[in-house]
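**Q** Let me begin by handing over the structure; questions about it come next.
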Amino acid sequence: MADARKKLIIALDLPTTEEAETLIKSLGDDGVFYKIGYQLMPVGGIDLARRLSAAGKKVFLDFKFHDIGATVERGVRSVAKLGGDFLTVHAEPDALKGAVAGRGDDKRLKILAVTVLTSLTQESLARSGVSMKIEDLVLKRAEFAAEAGADGVIAAAREAAAIKARFGDALKIVTPGIRPVGANVNDQKRVAAPADAIKAGADYLVVGRPIIAAENPAAATRAILEEIGMS
Ligand code: C5P
């Protein structure tokens, strides 16, 4: 179970830090790794990240940077001072190289490349003028991550096996779009159940609504941990 806890990243997609802290408290020792994104960032999320870090929790800063390399480099240099563990950058070569340079010598903050969002399908990519097959595009962007010296990628479970086969342990795989069997899929498209994602090669799972919108978030977390533990 301890190993399963380390693999589960709980997305604090909530409107206030008070609500986030109530949730964190209710999960106790089952919550080891928390993700803070846009929703909390401007309303105290940065201080919450510092507090969580100081309390011994791991913190994933889901900032999804995407800008010219120099700007990403400067941004990541500031973020690195927060003491977080994971940071996302869109998988574009200059942005990734900037992020790795900005992170500096202290390698605690891992740079993760967002390949193709798990809410996207082949059709939605086509609407944006992208005709490449999703799996090929994910692998191409994973290649950018490896070349830039990033630490891992964000990808769906269905792409995990191909990424592991190509990059082995050189890239950690962090997988959102996790839905226990029977759960509401919401806006996610390339989804998988927790155990299936782990079997496919995911190193970490990101779970938001199946936990935070559950009637009993602690029980929902426990069920996911048990499923991961058995896989
Ligand atoms: O609620 P749900 O489990 O769908 O939440 C998934 C979380 O992972 C959200 O915070 C979303 O922003 C994030 N995410 C994602 N797909 C990516 C990268 C991050 O869904 N490729």
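**Q** Here's a check for you: in the stretch 161-182, which residue that is among the aliphatic types (A, V, I, L, M) and near the ligand (Cβ under 9 Å from one of its atoms) is nearest to residue 139 (Cα to Cα)? Break it down stepwise before answering.
**A** Initially, the stretch 161-182 is screened for residues among the aliphatic types (A, V, I, L, M), giving 161-163, 165, 170-171, 173-174, 178, 181.
Imposing the further condition that a residue be near the ligand (Cβ under 9 Å from one of its atoms) reduces the set to 174, 178.
On the way: 174: 14, 178: 20 Å.
Only one residue fits best here, namely 174.
**Q** Let me ask something else. Checking the condition assigned to a helix (DSSP H, G or I) and closer than 30 Å to residue 103 by Cβ, which residue from 141, 190, 222 passes?
**A** On the way: 190 fails: assigned to a helix (DSSP H, G or I); 222 fails: closer than 30 Å to residue 103 by Cβ.
Only one candidate passes the filter, namely 141.
**Q** As an exercise: evaluate residue 118 against (1) in a loop (DSSP other than H, G, I, E, B); (2) buried (at least 20 other Cβ atoms within 10 Å of the Cβ); (3) more than 15 Å from the ligand (Cβ to nearest atom) and give the number of the one condition it does not meet.
**A** Condition not satisfied by residue 118: (3).
**Q** Taking into account only those residues within the stretch 79-103 that are within 25 Å of residue 6 (Cβ to Cβ) and assigned to a loop (DSSP other than H, G, I, E, B), which is nearest to the ligand (Cβ to nearest atom)?
**A** Of everything passing the filter in the stretch 79-103, 91 is nearest to the ligand (Cβ to nearest atom).
**Q** Conditions: (1) in contact (Cβ under 8 Å) with a residue 60 or more places away in the chain; (2) within 15 Å of the chain's Cα centre (by Cα); (3) within 11 Å of the ligand (Cβ to nearest atom); (4) crowded, with 18+ Cβ neighbours inside 10 Å. Residue 155 meets all but one. Number of the miss?
**A** The number of the failed condition is (1).
**Q** Moving to a separate point now. Step by step: first the residues of the stretch 1-41, then only those that are hydrophobic (A, V, I, L, M, F, W, C) and part of a loop (DSSP other than H, G, I, E, B), then the one that is surrounded by the most Cβ atoms within 10 Å (Cβ to Cβ). Which residue is that? Even if it seems obvious, please write down each step before you answer.
**A** Here is the first cut: in the stretch 1-41, the residues hydrophobic (A, V, I, L, M, F, W, C) are 1-2, 4, 8-12, 14, 20, 23-24, 27, 32-33, 36, 40-41.
This time we only want the ones that are part of a loop (DSSP other than H, G, I, E, B), so: 1, 12, 14, 32, 40.
Values: 1: 11, 12: 28, 14: 21, 32: 18, 40: 24.
Per the criteria, the residue is 12.
**Q** I've got another one for you. Please work out if residue 129 is on the phi > 0 side of the Ramachandran plot, in a helix (DSSP H, G or I) and without any contact (Cβ under 8 Å) to a residue 60 or more places away in the chain. Quick ask: steps written out before the conclusion?
**A** On the way: on the phi > 0 side of the Ramachandran plot: yes; in a helix (DSSP H, G or I): no; without any contact (Cβ under 8 Å) to a residue 60 or more places away in the chain: yes.
Spelling it out, it is not the case that residue 129 is on the phi > 0 side of the Ramachandran plot, in a helix (DSSP H, G or I) and without any contact (Cβ under 8 Å) to a residue 60 or more places away in the chain.
No lab work stands behind these numbers, since they all come straight from the coordinates. Note that this is a predicted model, so its numbers are computed, not measured. As a convention, Cβ positions derive from the backbone with ideal geometry for all residues, glycine included, and neighbour counts pool all protein chains shown.
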